[in-house]
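Peer 1: Take a look at the following structure, please.
What follows draws every value from the coordinates through simple rules; no lab data is involved. Keep in mind the model is a prediction, meaning the values are calculated, not measured. Every residue, glycine as well, gets a Cβ built from its backbone with ideal geometry; the counts of neighbours run over all protein chains shown.
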Amino acid sequence: MADDSRTERATPRRRQKAREKGQVARSRELPGALAVLGMVIFVSWVVPSWLDQWKLLWQQWLVVASVGELSNATLLLRTTAWTAATWVGPVILLGWVLALVGSVAQGGLVLAPQALAPRLDRLNPASNLARLFSLGSAGALLKSVVPVLFILYLAIAMLARDWGQIVQASHVSQRASGIWALALMGEIAWKSCLVFLSWSLMDYLIARMNFERQLRMSKQDQREETKETEGNPQVKIRIRRLQRQMRRRRMLRDVARATVVVTNPTEFAVALEYRPGSMDTPVVLAKGRNLLAQRIRQEANWHGVPIVENPPLAQALYRAVEVGQAIPAKLYAVVAELLAFIYRAQGRLRSTGSTVTGLKTLNA
């Protein structure tokens, strides 16, 4: 009974696992149909040259038979064997190549060591007997019988068409009768091959549809596969949460080397670093909202980093710049004024004898 829950298309991973087991959509009849059709066409093309060579060999055999020289007969036998090999060899090679092309074209070149592993269940007589009388075995028998019936009907129809010429064959020369017989056999052969090829293509389409149906997955199968390939979603969420925490801790540590912290004053906080001579533009070391902004201000207070309240600049920096990036060109002028303000304030504190760490909060 079909599983109604398997409604989803197979994923690439499922297809890859099936391929590793040697499971691909194939028709066993298609390579054979291509090979036989190619061989028939090739033989019909080279038959005229073969007839002349066979005629020459037959004449040589008659001469040797009349003379009775054993040495000449041995040489002629070798020549005949070589000639037959040169005829049969290309035909067999062509059939093998076409069969290989037909097999590879269906599912590609499949190397599946798992499919070659011995399976003891195949040696069980009971299971083999059950497969022999199963629906699959009946379907395979039907696939073999149907094209044979078509070919038989085609041959009978062609013989019935030329029945008058067959009856009058005794009134024509042997050469003409032989040529006509070869032409009729060639016609029956290539038309039968076309029937066989058409049936094989249909069989391949059916095999492909059945294969796709077998590979279908349920939603639960997809979830299980996702867990296998990408890990448990809950574990991934925990890992991402730990990574965010580590980034935040590292970001808060970097606040200690900031030049200034720009605030909203309570919603946003952005820590900037600028070292004249070693840096071209200021860089955002840390940024945050709400609780994280409060943590950034606490770190700045702890390490004596100046804090400047500038809501428009804080919001612009928070939305436009990521941590570790330089500020955009459109904010150069505003940040330059802010840094100049910080440097002037620090200079005044030094001139009055106050410590730099005493500068905590400035209003721009």
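Peer 1: What percent antiparallel are the DSSP beta bridges of segment 250-363, to the nearest 5?
Peer 2: DSSP beta bridges in segment 250-363 are roughly 65 percent antiparallel.
Peer 1: Using the Karplus curve 6.51 cos²θ - 1.76 cosθ + 1.60 with θ = phi - 60°, work out ³J(HN,Hα) for each residue of segment 192-207 in order, rounded to whole Hz, and write x for Gly and Pro.
Peer 2: With the stated coefficients, segment 192-207 comes to 5, 5, 5, 4, 5, 5, 4, 5, 5, 4, 5, 5, 5, 4, 5, 4 Hz.
Peer 1: Restricting to Cα pairs below 8 Å that are 6+ residues apart, what does the relative contact order work out to for segment 232-308? Please round to a whole percent. Could the numbers behind the result be given before it?
Peer 2: On the way: 110 pairs, mean separation 24.0, N = 77.
Across segment 232-308, relative contact order equals 31 percent.
Peer 1: Taking amide H positions as placed in the peptide plane 1.01 Å from N, state which residues far from Ile307 in sequence (5 or more) or on other chains have amide H under 5 Å from it.
Peer 2: Amide H neighbours of Ile307: Val261, Thr361, Leu362.
Peer 1: Nearest 0.05, what FRET efficiency do Ala320 and Gln234 give at R0 = 41 Å with Cβ-Cβ as r?
Peer 2: Details: r = 35 Å, r/R0 = 0.84.
Here the calculated transfer efficiency is 0.75.
Peer 1: So for the pair Glu20, Arg249, with labels modelled 7 Å out along Cα→Cβ, what separation do we get in nm?
Peer 2: 3.7 nm
Peer 1: Among the lysines, which fall within straight-line cross-link reach of Lys191, defined as a Cα-Cα distance under 25 Å, with same-chain neighbours fewer than 8 residues apart omitted?
Peer 2: Result set, ordered by chain and number: Lys143.
Peer 1: Still on this structure: Could you order peptides 264-276, 318-330 by the average number of other Cβ atoms within 10 Å of their residues, highest first? Walk me through the numbers before you get to the answer.
Peer 2: Working: 264-276: 19.5, 318-330: 13.2.
Packing proxy ranking, top to bottom: 264-276, 318-330.
Peer 1: When only Cα pairs under 8 Å and 6 or more residues apart are kept, what is the percent relative contact order across segment 250-363? If you can, show how the numbers build up before the last one.
Peer 2: Working: 197 pairs, mean separation 32.6, N = 114.
Reported as a whole number, the value is 29 percent.
Peer 1: Now a separate question. Under the Karplus relation 6.51 cos²θ - 1.76 cosθ + 1.60, θ = phi - 60°, what is the ordered set of whole-Hz ³J(HN,Hα) values for segment 208-220, x standing for Gly and Pro?
Peer 2: 5, 5, 5, 5, 5, 5, 5, 7, 4, 10, 8, 5, 5
Peer 1: Just list whichever of Lys21/Lys236; Lys17/Lys219; Lys287/Lys330; Lys17/Lys227 have alpha carbons separated by over 23 Å in the model shown.
Peer 2: Values: Lys21/Lys236 31 Å; Lys17/Lys219 18 Å; Lys287/Lys330 19 Å; Lys17/Lys227 16 Å.
Distance filter (> 23 Å) returns Lys21/Lys236.
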